[in-house]
Amino acid sequence: MGTFRPDAVRWRWDVNVADSQELNAYAMVGGKIMVYSGLVKTLKLSDDELAAVMGHEMAHALREHSREGMSRAYAQNMGLSIFGSLAGLNQGQMKAVSTVADVALSKPHSRTMESEADVIGLELMARVSYNPNAAVNVWNKMQSIGGGSRMPEFLSTHPSGSSRIQELQAHIPQVMPLYLAATPNRR
């Protein structure tokens with residue numbers, strides 16, 4: 001973790017499991033992670049696949065994506081308010097402008113953060129000898145049960161499952177040497 005963020009080695013990482021059928025996990029600032037039991041049970045995750053989920057969530061924490069998202073939302077809302085006031089927009093017009101800003105600005109940025117977490121997560125799991133190919137398995141399993149976003153990618157905060165699989169597969173060769181170097185040290 002120190003490779004990505006030197007102060008993270010002093011964080012009090014805290015991973016919790018919520019007994020819920022949701023197929024989800026999330027990370028908060030400072031290394032607080034929640035994994036829903038439904039994700040593990042429904043997908044029947046192997047240790048390597050669970051490491052892919054954990055690596056992804058740890059990457060969100062390391063990159064402070066939740067904090068960045070809140071700051072971005074605040075700045076966007078403030079900018080839209082000022083714009084609306086100066087332009088004399090009514091409530092209906094402001095709602096339309098807000099929707100356009102969400103699709104044009106917020107959602108693409110969220111998808112970028114998700115992709116970044118996928119790629120960093122691959123490296124994290126490889127460094128501690130979990131097979132990076134398992135990340136692709138997770139998304140294949142999600143797609144096989146119809147999980148993930150069901151809306152067009154441009155309207156979603158997350159990349160589509162097929163986009164994620166393609167990007168993960170493109171980055172696996174880069175992290176495979178880390179995995180192979182770490183594997184002799186595995187439990």
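Quick test of your reading of the structure: Gly147 fulfils all but one of (1) in contact with a Leu (Cβ under 7 Å, 6 or more places away or on another chain); (2) at pLDDT 75 or above. Name the failing condition by number.
Gly147 satisfies every listed condition except (2).
Under 7 Å by Cβ, and 6 or more places apart or on different chains, what pairs join a residue from region 161-187 that is hydroxyl-bearing (Ser, Thr, Tyr) with one that is surrounded by 15 or more Cβ atoms within 10 Å (Cβ to Cβ) and at pLDDT below 90?
Ser163/Glu153
Select from region 56-94 the residues that are closer than 30 Å to Asp7 by Cα, small (Gly, Ala, Ser) and either modelled with pLDDT of 85 or more or exposed (fewer than 12 other Cβ atoms within 10 Å of the Cβ) (or both) and list them in ascending order.
Matches in region 56-94: Ala59, Ala61, Ser71, Ala75.
The values are calculated or read from the model by the stated rules, or taken from the named source; none is laboratory data. For clarity, every value in this text was computed on a predicted model and none was experimentally measured. When we count neighbours, we look across all protein chains shown, and the Cβ atoms used for this are built from the backbone with ideal geometry, even at glycine.
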